[in-house]
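So the structure is just underneath, and the comments pick up after that.
The values are calculated or read from the model by the stated rules, or taken from the named source; none is laboratory data. Since the structure is predicted, the reported quantities are computational estimates derived from the model, not experimental observations. Note: ideal-geometry Cβ built from the backbone for every residue, glycine included; neighbour counts use all protein chains shown. Just so you know, the surface numbers come from the protein's heavy atoms only, side chains and all, with ligands and any DNA or RNA stripped out. Shrake-Rupley method; radii C 1.70, N 1.55, O 1.52, S 1.80 Å.
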Amino acid sequence: MTTASTTDQLTDAQAKSDPLHLIDVDHVRFYVGNAKQAAYFYASTFGFQVEEISDLTTGSREEASYLLTQGNIRLVLTTGLHKDHPAQRHVNLYGDGVKDVALTVFDAEKAYERAIANGGESAYEPRTIKDDKGTVTMAGVKTYGETVHSLISRTGDYALPNVKKGGLFMPGFRKFGTFALNELNKKNPCGLKFVDHCVGNVELGKMNYWVEWYENVLEFKLFKHFDDKDISTDYSALMSKVMASGNHLIKMPINEPAPGKKKSQIQEYLDWHHDTPGVQHLALRTDDELHSVNELRNRGVDFLEIPQSYYEIVWDRVNKTLQQHGHDSVKEDHEKIRDLGILVDADDEGYLLQLFTKPLQDRPTLFFEIISRRGSQSFGKGNFKALFQALELEQEKRGNL
Ligand code: FE2
């Protein structure tokens with residue numbers, strides 16, 4: 001046991017007196033058409049453990065939910081059991097996707113009251129569920145589209161450190177029981193650790209509105225980083241600003257469509273998401289990009305295809321930036337990076353490795369990013385231009401430029 005220093009105690013006290021101080025990403029809730037099948041998909045392709053369930057067998061007569069975990073990532077997959085359940089309507093309009101990015105706080109009721117006083121709109125009022133083991137209090141604030149931020153506080157056996165150790169998620173859940181895929185995943189870990197960032201797509205002209213919303217309502221700050229130079233709006237066809245929680249626990253980039261050299265991927269998302277803003281991707285952090293991408297590829301995860309010509313130009317670009325700022329060059333095996341089709345970007349603080357999956361459902365909406373950071377705190381914007389140039393290089397080889 002270590003004794004907390006005075007500074008730590010002060011920080012802790014200050015944190016507790018700030019109702020919107022975030023402790024963790026509590027969970028990310030997906031609304032899906034068939035939670036049982038979705039659970040199998042995320043377990044087999046991304047290596048999540050199917051830990052707990054709440055359904056008819058636990059007395060839940062309105063919905064079924066599965067808790068999936070990996071590292072400090074908790075996904076809750078929820079489906080309605082009746083046609084009028086909100087999840088059914090959501091799936092009808094948007095397909096499977098993220099409904100709630102839930103954040104752990106010290107006191108959910110106080111955090112909610114503060115967010116509402118800051119101008120937030122209620123998604124649902126504070127409610128506490130409890131049994132003899134502890135309590136879970138939750139309250140919801142509406143963000144872009146129909147997405148919600150639940151604010152959650154926990155006591156007793158349901159405190160987050162206990163949940164992380166495998167304790168029950170909340171009253172009404174039970175352990176999933178023996179499941180062959182869980183054993184397989186334990187033996188073959190994918191190495192995903194936590195939610196690095198969560199990106200929202202909003203309508204044309206609405207980026208700054210939502211930037212201010214995060215500033216005012218949840219008291220986030222604009223996160224200054226390399227991507228701010230905005231060199232590649234032309235290539236990315238999107239405008240983006242990144243909001244960070246006070247302690248940088250989570251970053252929430254906000255995208256809006258922009259005119260570019262091709263149709264904006266943000267507009268495509270909105271076209272297939274009932275013209276409604278929503279979560280575009282969750283970036284899941286790993287310490288070992290090559291291991292994670294290799295394992296995920298073996299499991300059949302469908303990643304964006306990177307043209308070979310990307311690798312003809314990547315090392316010049318990345319190493320130039322790293323040298324300029326006095327950083328070591330990329331230490332991972334360059335050939336393996338190319339063989340696994342991984343993207344690389346660098347900035348004034350270091351570099352990052354990243355790769356995007358194809359959409360996780362039939363609509364071109366939600367996808368995952370697998371990201372590993374070596375100093376860089378940005379989001380890989382240099383890759384938009386690099387990918388564009390790589391495609392041009394391929395065109396040139398075909399004599400079509
Ligand atoms: Fe990202």
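If the reach is capped at under 25 angstrom between alpha carbons, list the lysines near LYS130, excluding any in the same chain fewer than eight residues apart.
LYS16, LYS99, LYS110, LYS142, LYS164, LYS165, LYS175
According to the square roots a ≥ b ≥ c of the eigenvalues of the Cα gyration tensor, what is the shape class of segment 192-398, taking rounded for a/c under 1.5, prolate for a/b larger than b/c otherwise, and oblate for the remainder?
rounded
Taking 0.36 nm per residue of separation and subtracting the Cα-Cα distance, what length does fully extending ASP275 through LYS165 add?
35.6 nm
Per residue of segment 339-347, in order, report the coupling 6.51 cos²θ - 1.76 cosθ + 1.60 (Karplus, θ = phi - 60°) as ³J(HN,Hα) in whole Hz, putting x for Gly and Pro.
4, 8, x, 8, 9, 10, 9, 10, 8
Could you check how much of the accessible area of the chain is carbon and sulfur, as a whole percent, using a 1.4 Å probe? Present the calculation step by step, with values, prior to reporting the outcome.
On the way: 9080 of 18450 Å².
It is 49 percent, rounded to a whole number.
Using the Cα atoms of the chain, I'd like the radius of gyration and the largest Cα-Cα distance, Dmax, both in angstrom.
Both quantities, over Cα of the chain: 21.4, 72 Å.
When the Cα centres of segment 63-115 and segment 185-254 are compared, how far apart do they sit, in Å?
Segment 63-115 and segment 185-254 have Cα centres spaced 20 Å from each other.
Would you mind checking segment 147-188 for residues with the amide N under 15 Å from a putative spin-label position 7 Å along Cα→C-beta of LEU81?
Output list for this probe position: 172-174.
Using a ≥ b ≥ c from the Cα gyration tensor of segment 92-187 (square roots of the eigenvalues), is it rounded, prolate or oblate, where a/c under 1.5 gives rounded and otherwise the larger of a/b and b/c decides, a/b for prolate?
oblate
Once the piece of chain linking SER44 and LEU204 is laid out straight, how much longer is it, given 0.36 nm per residue of separation minus the C-alpha distance between them?
53.9 nm
In terms of the Cα gyration tensor, with a ≥ b ≥ c the square roots of its eigenvalues, is segment 340-401 rounded because a/c is under 1.5, prolate because a/b exceeds b/c, or oblate?
Oblate is the answer for segment 340-401, as a/c is 1.5 or above yet b/c matches or exceeds a/b.
To the nearest 0.05, what FRET efficiency results for ASP157 and ALA15 with a Förster distance of 22 Å applied to their C-beta separation?
Working from the Cβ atoms, E equals 0.45.
Taking the solvent-accessible surface of protein heavy atoms with a 1.4 Å probe, what is the per residue accessible area of the chain in Å²?
About 46 Å² of surface per residue is accessible.
Taking segment 102-151, which GluC sites (Glu not before Pro) meet the DSSP loop condition and have no more than 11 other C-beta atoms within 10 Å?
Of the GluC sites (Glu not before Pro), not one in the loops of segment 102-151 has a Cβ with at most 11 other Cβ atoms within 10 Å.
Computed FRET efficiency, Cβ-Cβ of ASP339 and ASN92, R0 35 Å: what is it to the nearest 0.05? All intermediate terms of the calculation are to be shown ahead of the outcome.
On the way: r = 41 Å, r/R0 = 1.18.
According to the calculation, E is roughly 0.25.
What is the spin-label model distance, in nm, from LYS261 to PHE179 if the labels are put 7 Å beyond Cα along the C-beta direction?
4.4 nm
Expressed in nm to one decimal, what extension gain is obtained for the pair GLU62 and GLN323 from 0.36 nm per residue of sequence separation less their Cα-Cα distance?
88.2 nm is the gain from fully extending GLU62 to GLN323.
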